[in-house]
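This report concerns only the one structure given below.
Bear in mind that the values in this text are calculations on the coordinates, not laboratory data. Keep in mind that what you see is a predicted model, and the values were worked out from it rather than measured. Glycine also receives a Cβ, built like all others from the backbone with ideal geometry; neighbour counts cover every protein chain displayed.
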């Protein structure tokens, strides 16, 4: 009598759908990616009211020590020597696009005089809208310490 | 005699596709930075040569001192008391000018806190604070004195 060969099932992890999942992930990252034009590390103030900043907005960042960097929103930010240079930068940006939004990314602890001079430069350059970049205020932030 | 021709199977080799896809995923994961892209909008009044009408007596002046102390119309006040103080004034005049004046050495974050509090007027006291201005030092020197 001839015995029937036992049917052996091949062992393996099904990987056919792996590429599909991977491509879905790629699409997600491609859609959500935003190349940050300004990577200055600052501690942003916390606010409850927050609006989405327009894409391609010009950035002005001020660090805790008062160092200023600017970006027109198209390229990586560059340092400027002082607030008076913000005026020429902003005037150039407004001349190219009068409706351009400016985003002020300033450290919460920076003395206000630095911010004041930047805002003044923006006003003089006829900038119409600026956004004060902030973090979300949470209930924990509002609780008293201790 | 029977000849059997070995047939080459027609298919696109996809075994390396997952590797390529995962490399792309790793690239995007490394380069992606979830940037803070939200903030308070701060509409700037247009720069004009004619002095704006800023009457100190008719407006509410919020001074921000170094250390975060808030003084509203010469009265020390906590952040959460400002809107209650403003409510009767805004009921009489919804366009009541509210001027925020941080001292040069005050922290920027304290100014933002006050500005954020004023912007929440509608939710907290049912009246929107419509006329908020933050004059710069140059404007104060030019138009106030």
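Does at least one position in segment A:16-39 carry a residue that is buried (at least 19 other Cβ atoms within 10 Å of the Cβ) and more than 8 Å from chain B (Cβ to nearest Cβ)?
yes
Hey, does segment A:100-117 have a residue that's in contact with a strand residue (DSSP E or B) (Cβ under 8 Å, 6 or more places away or on another chain) and more than 22 Å from residue B:109 (Cα to Cα)?
Among the residues of segment A:100-117, at least one is in contact with a strand residue (DSSP E or B) (Cβ under 8 Å, 6 or more places away or on another chain) and more than 22 Å from residue B:109 (Cα to Cα), which makes the answer yes.
For segment B:130-145, name all the residues that are in a loop (DSSP other than H, G, I, E, B) and touching a residue at least 24 places away in the same chain (Cβ under 8 Å).
Selection gives B:130, B:131, B:134, B:135.
Tally time: how many residues in segment B:119-129 are free of Cβ contacts under 8 Å to residues at least 60 places away in the same chain, closer than 22 Å to residue A:45 by Cα and out of contact with any helix residue (DSSP H, G or I) (no Cβ under 7 Å at 6 or more places or on another chain)?
3
Identify, please: which residue in segment B:135-145 is more than 20 Å from the chain's Cα centre (by Cα) and more than 7 Å from chain A (Cβ to nearest Cβ) and is, among those, farthest from residue A:61 (Cα to Cα)?
So in segment B:135-145, the residues more than 20 Å from the chain's Cα centre (by Cα) come out as B:137-145.
Okay, now just the ones that are also more than 7 Å from chain A (Cβ to nearest Cβ), so B:139-145.
Numbers: B:139: 23, B:140: 24, B:141: 26, B:142: 27, B:143: 28, B:144: 29, B:145: 31 Å.
Only one residue fits best here, namely B:145.
Scan segment B:74-98 residue by residue and report those that are surrounded by 15 or more Cβ atoms within 10 Å (Cβ to Cβ) and more than 18 Å from residue B:116 (Cα to Cα).
B:89
Read through the list (1) in contact with a strand residue (DSSP E or B) (Cβ under 9 Å, 6 or more places away or on another chain); (2) buried (at least 20 other Cβ atoms within 10 Å of the Cβ); (3) more than 10 Å from every other protein chain (Cβ to nearest Cβ), then give the number of the only condition that residue B:110 fails.
(3)
Picking from A:63, A:47, which residue would you name as being in contact with a strand residue (DSSP E or B) (Cβ under 6 Å, 6 or more places away or on another chain) and within 12 Å of chain B (Cβ to nearest Cβ)?
Going through A:63, A:47 in turn, the sole match is A:47.
Quick check on this structure: which one of A:122, A:104 is within 22 Å of residue B:137 (Cβ to Cβ), under 22 Å from the mean Cα position of the chain (by Cα), in a strand (DSSP E or B) and within 12 Å of another protein chain (Cβ to nearest Cβ)?
A:104
Name the residues in segment B:113-134 that are closer than 15 Å to residue B:65 by Cα and more than 10 Å from chain A (Cβ to nearest Cβ), would you? Steps first, please.
So the first thing to find is which residues in segment B:113-134 are closer than 15 Å to residue B:65 by Cα, and the list is B:113-115, B:134.
Passing the criteria: only B:114.
Could you check segment A:96-132 and list, in sequence order, the residues that are within 14 Å of residue A:86 (Cβ to Cβ) and surrounded by fewer than 19 Cβ atoms within 10 Å (Cβ to Cβ)?
A:113, A:124, A:126
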